[in-house]
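Asks: Structure in structure tokens, see below.
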Amino acid sequence: MRSRRPWVAVRWGLLSVTLSVVIGYPVIRLGVEVLTNFADIGASLVHHASIRAFANTAVVAAATAVTSLLIGTAGAVVAQRTGSRSLAAAMISPILIPPFVSALSWVDAYAGGGLTDDLFGVRWARLFGPIGVTLSIAVNAAPVVFLIVSGSLAAHRESDLVEAARASGASAVVALRSVTLPLIRRALVGSGAVVVVLAANAYGVPAVLGLPAGFDTITTLIHRELAFSADAAAFNRAVALSMVLMILAAALATRVERPTARTPVPVGGLAPHRVHSRHRRSAALLWGYWTAAVLVPLVALVLRAIVRAPGLDPIPAHWTLDHFRTAWTSLAVEAATNSVLLAVAAASLCVLLGGALVTVRTTRLGRYFETVPLASFAVPGSALAVAALLAYSPRLRDTIALVLIVYVGKFWVLAHRPLAGAVDRIPVETRLAARASGANEREVLLRIVGPMLRPAVTGAWVLVFLFAVHELTMSVLLFGPGSETLATVTLNLRQLGDSAATSALAVTMTVGVVALGAPLFFGWKTRRRVVTTP
Amino acid sequence: MEDAPTGRHDAVIEFRGVTVAYGRHEVLREATGSVAAGTTLTLLGPSGSGKTTLLNALAGFVGVVEGEVAIDGVVRSSPGRTDPPDSRNVGVAFQQIALWPHMTLLENVAFPLRQAGERRAACEQIARELLDRVGIGDLGDRFPSQVSGGQQQRAGVARAIARRPAVYLLDEPTAHLDAPLRSDIQRALRLEQRERGAAIVMATHDPSDGLAFADTVAVLREGRITRTDTPEAVYDDPGDEWTARMTGTISVLRVADPTDLLLIGGLPGPGSLLVRPEWVDVGEGAAVATVVDSWFRGDHVEAGLDTAWGSLTVRLPRPDRPAPGTNVRWRLRRSVPTGD
């Protein structure tokens, strides 16, 4: 049979060039910079600000991992036991809220002058600082743990195995310790690694909740060194910090559980299970967590956006849409347009490149190629952005093209993994059946494989779009006049002190993201009725 | 490459010395056989014996490292050459069924017809007739996920025969069906075969399917065809204990003393004798055995006996159903040496 086609070379060429442009060259350029300025950069690393930022980042990452593992695992186990779709949806819901919006909503809810302060005189003194930063990132990262652990529980049919253990005389605690936890150990380690990467990557949350308390992480320090410092050594410090982040990420990349591939979204797919009273108590606790961490802050964010002035009671008589009108300046509209265009371009390119990568994965070189986007996903966005700045300044500095390059490098894997997973799930017999039915390879691709992959392609596109449209960590380092994104404009507004307009923009962004992302994560689609008549 | 006529046109499909290897591991060795128009070859063997691999080689899904496959007198597979499946004029029903989930049952069955250049309306009509023939004519508008496994399997069979190919390659085509539906499918295939003169190659691990449906049976073991014969010949004279067990219920009696043969009537002994249940006359002869258990089988009763030469399964007419512990007389009407 024919094995080589004219477009094979084109495909390899496209992949090689793109990998080089979006990942390879920037990383090499960063390495060269470190080697050529080794003495200065080495000295930068022992600068007291760097050491403090490293320590803070390490503590936040570790504490975030522990917290989100507890929340996500508890949510997954209880949702599995109770079969509650609404609880599963609630546990996943924070993934749809941009992390910095989540942090803003916490400020509107729990800080001095926030909703709980206005209504009950209760404020959270430690909101600004390491505890607030850690808990906020943990709430945003917990859905990742929930999805991975739920997938692992479902794949192992854990509920059946636990019932077998209980029927053999094991208590609930013994069953959890001797059956459930060993089964999901790999998922826990993998999702913990993902959370560490996400925490080290976070910029928006530390910027909103850390900086007001003087709490720096590596990402906020890199941003300050690049954006505000007039010190010549500042750039070296940013490069040094980026290099260290990259090395840490490379070490963690081997542990990163694939965040999207083959992880079934459990909403709607939970096995019915006997519901015990302790499950109900656990579910009530989780609903309490969701109310405090997600619902109340979102309500506060919306109220801050629609109540006429701070300090007024949040009653309908004080509601107005004026803040939305004032927030949507021409700059905000231009930034929103940039965000959407960037997200559309990044999603389309990532799906195209993810698909191209899937077609070469049967070769050894293709498998090597596959690991590069995965490693790139593990690299914190700050480091990628600095590498891209080094590689493509001054020609592309402050342009949308530069932002697009790092978006593709960062989010490529989010398109590739679902596509690869979907291809893996197509039984080889379906293709053979088409060949035996008289179809040639082109017809098999167009009429059999293509339609079967359509949901995965759509899902991959939406996933990349969602991540790109509210991205902040990289764009905040790369934007310039004319290339602002909605996230950077929103954060700048906040730093200028206009909290109502900030909340109005944040609400708009969240509504858009939820509207687009909810069908993807919650599986809201027409389900076919399964008929089993003989 | 030009098609090379084999010069033997009596067989619709013929395979000679076919060896298939995955890497360095040979999973099928030197398989040889042929099927004439309107006849059926059953590949009978346990899991991993090479049945599906042989079907894959005939369909062109895998290449051969030795030997050749010819269809309608044209060599389609030989070392270094594997004509694609769509050029072979075969229809395949898969063990995993492999219906396309985004198409209705009707669209699944119509797809091969569209590939053959039929007009859309004709495709739909023929596909509906085929679905009717396999008993699911009213389910054509449903998707595979909306019907049961048995209904999917029937649609898979209808799809395999839709193009009216010269050869039907069927891999466990009735595995997901209960007994009455199996008979329905087999009747539908027989009817199709008679009308079209197609050759059928069917893989199965079930002796009742394998023997009932076949004109010729090929028994496969560990990647080799160990016996090719008519179903009657394979059943009546399996040759060895393994083949005997593969083709039906069998007992093995170990007779060391030739004088024992006078008692139980076994010939040609001595040695190990293969005995089918219906080859034993119970209630006659001089040998005595104890009933261990008995099972009601509808039209007859099957009983397990403990004899001095080993366990023996026998067939009794209804309503005889001896209680466990009962002593019965018996003698062999027929037996064959194991040849092991």
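Derivation of every value follows stated rules applied to the coordinates shown; laboratory data play no part. Small disclaimer: the values here were computed from a predicted structure and weren't measured. All Cβ positions, even for glycine, are placed from backbone atoms using ideal geometry, and neighbour counts span all protein chains on display.
Asks: Alpha carbon centre of the range A:471-517 versus the range B:269-303: separation in Å?
Replies: 86
Asks: So how do B:166-174, A:358-366 stack up, highest first, on mean other-Cβ count within 10 Å?
Replies: Answer by packing, highest mean first, reads B:166-174, A:358-366.
Asks: Let me ask something additional. Can you pull the mean other chain C-beta count within 10 Å for peptide B:107-113?
Replies: Mean inter-chain Cβ contacts per residue within 10 Å come to 3.
Asks: Next question, about the same structure. If packing is taken as the mean number of other Cβ atoms within 10 Å per residue, what is the order of A:373-379, B:324-330, highest first?
Replies: A:373-379, B:324-330
Asks: Give me the orientation-averaged projected area of the Cα convex hull of the range B:13-78, in nm², one decimal.
Replies: Seen from a random direction, the Cα hull of the range B:13-78 projects 4.2 nm² on average.
Asks: Same structure, new question: I need the per residue convex hull volume for the range A:391-477, using only the alpha carbons, in cubic angstrom as a whole number. If you can, show how the numbers build up before the last one.
Replies: Details: hull volume 9.9 nm³, N = 87.
Normalising the Cα hull of the range A:391-477 by residue number yields 113 Å³.
Asks: Which of B:ALA287, B:ILE225, B:HIS300 sits farthest toward the positive end of the charge dipole of the range B:223-306, with +1 on the Cβ of Lys and Arg and -1 on the Cβ of Asp and Glu?
Replies: Most positive-ward Cα: B:ILE225.
Asks: In nm, give the distance between the simple-model label positions of A:LEU181 and A:ARG123, each being 7 Å from the Cα along the Cα-to-Cβ direction.
Replies: Label at A:LEU181, label at A:ARG123, 4.1 nm between them.
Asks: Based on the Cα atoms of the protein assembly as shown, what semi-axes does the equivalent ellipsoid have, where each is the square root of 5 times one gyration tensor eigenvalue, given in whole Å with the largest first?
Replies: 67, 33, 26
Asks: With a cut-off of 8 Å between alpha carbons and a minimum separation of six or more residues, what is the relative contact order of the range B:251-337 in percent?
Replies: 39 percent.
Asks: For chain A, with only Lys/Arg (+1) and Asp/Glu (-1) charged at the beta-carbon, what is the dipole magnitude about the Cα centre, in debye rounded to 20?
Replies: Using Cβ point charges on Lys, Arg, Asp and Glu, chain A gives about 2240 debye.
Asks: So for the range A:1-96, Kirkwood radius off the Cα pairs, Stokes-Einstein at 10 °C and 1.306 mPa s: how many µm² s⁻¹?
Replies: 83
Asks: Next question. Cα extents of the range A:90-222 along the three principal axes, largest first, in whole Å?
Replies: Answer, in whole Å and largest first: 55, 39, 23 Å.
Asks: Could you work out, residue by residue across B:163-169, how many beta carbons of other chains sit within 10 Å of that residue's beta carbon, and then give the average as an integer?
Replies: That average works out to 1.
Asks: How do A:PHE120, A:PHE467 rank when sorted from fewest to most other Cβ atoms within 10 Å of their own Cβ?
Replies: A:PHE120, A:PHE467
Asks: Now a separate question. From the Cα gyration tensor of the range A:42-153, with a ≥ b ≥ c the square roots of its eigenvalues, which class applies: rounded if a/c is under 1.5, or else prolate if a/b is larger than b/c, or else oblate?
Replies: Numbers: a/c = 2.80, a/b = 1.27, b/c = 2.21.
Oblate is the answer for the range A:42-153, as a/c is 1.5 or above yet b/c matches or exceeds a/b.
Asks: Using helices alone, I'd like the mean residue ellipticity at 222 nm for the protein assembly as shown: each DSSP H run of four-plus residues gives -39500 (n - 2.57), total over residue count, nearest 500. Intermediate results must be reported in sequence, preceding the final value.
Replies: Values: 34 runs with 452 residues, N = 874.
Helix-only estimate at 222 nm: -16500 deg cm²/dmol.
Asks: Using a Förster distance of 56 Å, how high is the FRET efficiency between A:ALA58 and B:ARG81, based on the Cβ-Cβ distance and rounded to 0.05?
Replies: Calculated value: 0.35.
Asks: What are the radius of gyration and Dmax of the range B:251-337, computed over its Cα atoms and given in Å?
Replies: Spelled out, the Cα radius of gyration and Dmax of the range B:251-337 are 12.2, 37 Å.
Asks: With unit charges on the beta carbons (Lys and Arg positive, Asp and Glu negative) and the dipole taken about the Cα centre of the range A:30-522, which residue among A:ALA164, A:VAL133, A:LEU301 sits farthest to the positive side?
Replies: Farthest towards the positive pole: A:ALA164.
Asks: Turning to a different aspect of this structure: Could you state, as a whole-number percent, how many of the C-alpha pairs of the range B:1-114 are farther apart than 26 Å?
Replies: Working: 1529 of 6441 pairs.
More than 26 Å apart: 24 percent of the Cα pairs in the range B:1-114.
Asks: Kirkwood hydrodynamic radius for the range A:34-79: how many Å is it when counted over pairs of different Cα atoms?
Replies: Evaluated over the range A:34-79, this radius sits at 13.1 Å.
Asks: Okay, next question. Over all directions, average the projected area of the Cα convex hull of chain B and note it in nm².
Replies: About 20.5 nm², averaged over all directions.
Asks: For A:ASP498 and A:SER86, compute 0.36 nm times the residue count separating them, minus their Cα-Cα distance, and round to one decimal in nm.
Replies: Working: separation 412, 0.36 × 412 = 148.32 nm, distance 3.52 nm.
That pair, A:ASP498 and A:SER86, stretches by 144.8 nm at full extension.
Asks: Next question. For q values of 0.06 Å⁻¹, compute log₁₀ I(q)/I(0) with the Debye formula on a Cα-only model of the range A:30-522, without solvent.
Replies: With one equal scatterer per Cα and no solvent, log10 I(q)/I(0) is -0.29.
Asks: Just name one of A:ALA89, A:GLY112, A:THR219: the one whose Cα is farthest towards the positive end of the charge dipole of chain A (beta-carbon charges, Lys/Arg +1, Asp/Glu -1).
Replies: Positive-end residue among those listed: A:ALA89.
Asks: In addition: How many Cβ atoms of partner chains, on average, are near each residue of B:84-92 if near means within 10 Å of its Cβ? Mind dumping the intermediate values first?
Replies: Details: counts 7, 11, 10, 3, 3, 1, 3, 4, 6.
Per residue, the average neighbour count from other chains is 5.
Asks: Of the beta bridges DSSP finds with both residues in the range B:11-241, what % are antiparallel, to the nearest 5? Don't jump to the answer; show the numbers that get you there.
Replies: Details: 24 of 42 bridges.
Taking every DSSP beta bridge with both residues in the range B:11-241, the antiparallel ones total about 55 percent.
Asks: Mind ordering B:115-124, A:490-499, A:88-97 by average Cβ neighbours within 10 Å, highest first? All intermediate terms of the calculation are to be shown ahead of the outcome.
Replies: Working: B:115-124: 14.3, A:490-499: 18.3, A:88-97: 22.9.
The most tightly packed comes first, giving A:88-97, A:490-499, B:115-124.
Asks: Further, regarding this structure: Nearest 5 percent is fine: what portion of the DSSP beta bridges confined to the protein assembly as shown is antiparallel?
Replies: In the protein assembly as shown, DSSP labels about 75 percent of beta bridges as antiparallel.
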